[in-house]
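**Student:** Take a look at this one; I'll ask things after.
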């Protein structure tokens with residue numbers, strides 16, 4: 001497997017942080033946002049999803065995202081990806097799976113505006129072996145990163161996730 005920390009063609013802000021603006025929608029400064037966890041919230045959680053064929057949307061999530069799109073609300077994926085830190089798969093696998101997920105959403109006219117993924121984890125290896133990294137949920141770093149890049153009003157924003165860490169990240173970010 002390739003070194004999971006190599007940036008090459010991937011939008012890595014640092015070795016363990018993927019920050020990708022998707023599409024070209026522009027939002028007014030101070031817009032609220034819909035933050036969504038990925039695995040278990042947007043797609044069915046299969047453990048460590050490294051195969052694009054494993055990507056299956058959860059029921060009704062495309063309709064929720066499409067409604068946010070119609071309302072002019074940015075939709076941002078914020079996802080912990082410890083499988084990268086643990087060496088189960090690399091950023092290339094993440095890119096393929098995430099690309100498939102975005103493709104499935106597009107079929108239902110549902111669009112994501114930004115993807116932020118954190119690979120840091122205390123059980124990781126090399127530079128990704130970081131305990132309590134500020135970008136890893138439940139810390140608010142990924143939400144703050146997206147808000148800074150898109151000029152969002154976090155107080156008017158919402159986070160939806162399947163784990164307590166998702167909700168805690170939202171609280172810590174001021175949602």
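**Student:** Of the numbered conditions (1) loosely packed, with under 15 Cβ neighbours inside 10 Å; (2) closer than 21 Å to residue 45 by Cα; (3) without any contact (Cβ under 8 Å) to a residue 40 or more places away in the chain, residue 71 fails exactly one; give the number of that condition.
**Tutor:** Residue 71 satisfies every listed condition except (2).
**Student:** Next question, about the same structure. Does residue 35 meet the test of being farther than 19 Å from residue 93 by Cβ, part of a loop (DSSP other than H, G, I, E, B) and touching a strand residue (DSSP E or B) at 6+ places or on another chain (Cβ under 8 Å)? Give the steps one after another, and end with the answer.
**Tutor:** Numbers: farther than 19 Å from residue 93 by Cβ: yes; part of a loop (DSSP other than H, G, I, E, B): no; touching a strand residue (DSSP E or B) at 6+ places or on another chain (Cβ under 8 Å): yes.
So residue 35 does not fit the description; no.
**Student:** In segment 51-89, what residues are part of a loop (DSSP other than H, G, I, E, B), touching a helix residue (DSSP H, G or I) at 6+ places or on another chain (Cβ under 8 Å) and under 17 Å from residue 130 (Cα atoms)?
**Tutor:** 81
**Student:** Could we say that residue 159 is in a helix (DSSP H, G or I), crowded, with 22+ Cβ neighbours inside 10 Å and either touching a residue at least 40 places away in the same chain (Cβ under 8 Å) or within 13 Å of the chain's Cα centre (by Cα) (or both) here? Even if it seems obvious, please write down each step before you answer.
**Tutor:** Working: in a helix (DSSP H, G or I): no; crowded, with 22+ Cβ neighbours inside 10 Å: yes; either touching a residue at least 40 places away in the same chain (Cβ under 8 Å) or within 13 Å of the chain's Cα centre (by Cα) (or both): yes.
When the stated conditions are applied, residue 159 does not pass them.
**Student:** From 104, 175, grab the single residue that is modelled with pLDDT of 95 or more, in contact with a strand residue (DSSP E or B) (Cβ under 6 Å, 6 or more places away or on another chain), surrounded by 15 or more Cβ atoms within 10 Å (Cβ to Cβ) and part of a loop (DSSP other than H, G, I, E, B). Quick ask: steps written out before the conclusion?
**Tutor:** Numbers: 104 fails: part of a loop (DSSP other than H, G, I, E, B).
Just a single option satisfies the conditions, and that option is 175.
**Student:** Could you check how many residues of segment 119-151 are more than 16 Å from the chain's Cα centre (by Cα) and either within 18 Å of residue 77 (Cβ to Cβ) or part of a loop (DSSP other than H, G, I, E, B) (or both)? Spell out how you get there, then give the answer.
**Tutor:** Filtering segment 119-151 down to residues more than 16 Å from the chain's Cα centre (by Cα) leaves 122-132, 151.
Imposing the further condition that a residue be either within 18 Å of residue 77 (Cβ to Cβ) or part of a loop (DSSP other than H, G, I, E, B) (or both) reduces the set to 122-125, 130-132, 151.
The total comes to 8.
The values are calculated or read from the model by the stated rules, or taken from the named source; none is laboratory data. Note that the structure is a prediction, hence the values are computed from the model and not measured. Positions of Cβ are backbone-derived with ideal geometry, glycine not excepted, and every protein chain shown enters the neighbour counts.
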